[in-house]
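Data block below; observations after.
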Ligand code: SME
């Protein structure tokens with residue numbers, strides 16, 4: 001459950017968020033539940049954020065997954081926008097001013113800066129974690145490293161959960 005976060009500030013807030021997410025994903029969770037819950041935690045913990053959520057790889061397209069915020073575009077081809085670039089290059093990106101990012105896809109016109117990290121499982125791209133802010137240069141390199149660690153936690157949870165799904169399927 002959500003701890004009392006109103007009084008926690010700055011780095012401590014990020015550390016708390018990471019701890020809570022790690023604890024939550026230590027349980028055996030379904031990928032859908034994991035992504036929905038992580039999106040909700042990020043949106044609750046991080047200040048000045050207007051969108052937090054997941055895009056999942058389907059062939060060479062990303063489709064929107066669980067998120068918090070305004071309705072967003074449902075499909076993003078690999079290589080397009082920030083999310084598509086991260087999907088193709090498989091490295092996290094911090095964009096301080098989205099208007100200057102080539103091919104940027106505007107889902108919410110309020111968004112000014114963005115963080116995106118890839119979720120890699122066994123060398124394959126599962127999806128990306130995307131966080132948007134209405135404030136230019138809202139995020140720093142600590143935030144970028146933080147969301148990559150969160151993306152890695154999601155990758156581990158999904159991997160674990162898939163194994164469980166296969167185990168159940170075999171026993172039917
Ligand atoms: N702006 C993103 C698209 C996703 S939305 O921001 C939720 C991009 O260019 O990848």
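The values are calculated or read from the model by the stated rules, or taken from the named source; none is laboratory data. Predicted model only: the values in this text are computed from it and were never measured. Note that each Cβ is placed from the backbone with ideal geometry, even for glycine, and that neighbours are counted across all protein chains shown.
Structure summary
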item: Failed condition for residue 111, given (1) within 26 Å of residue 142 (Cβ to Cβ); (2) in contact with a helix residue (DSSP H, G or I) (Cβ under 8 Å, 6 or more places away or on another chain); (3) away from the ligand (no atom under 13 Å from the Cβ); result: (3)
item: Residue 138 being more than 23 Å from residue 47 (Cα to Cα), in a loop (DSSP other than H, G, I, E, B) and at pLDDT 95 or above; result: no
item: Count of residues meeting criterion [in a strand (DSSP E or B) and either within 20 Å of residue 158 (Cβ to Cβ) or at pLDDT below 95 (or both)] in segment 49-77; result: 16
item: Answer residue from segment 79-98, given it is away from the ligand (no atom under 11 Å from the Cβ) and at negative phi and is surrounded by the most Cβ atoms within 10 Å (Cβ to Cβ) among those; result: 94
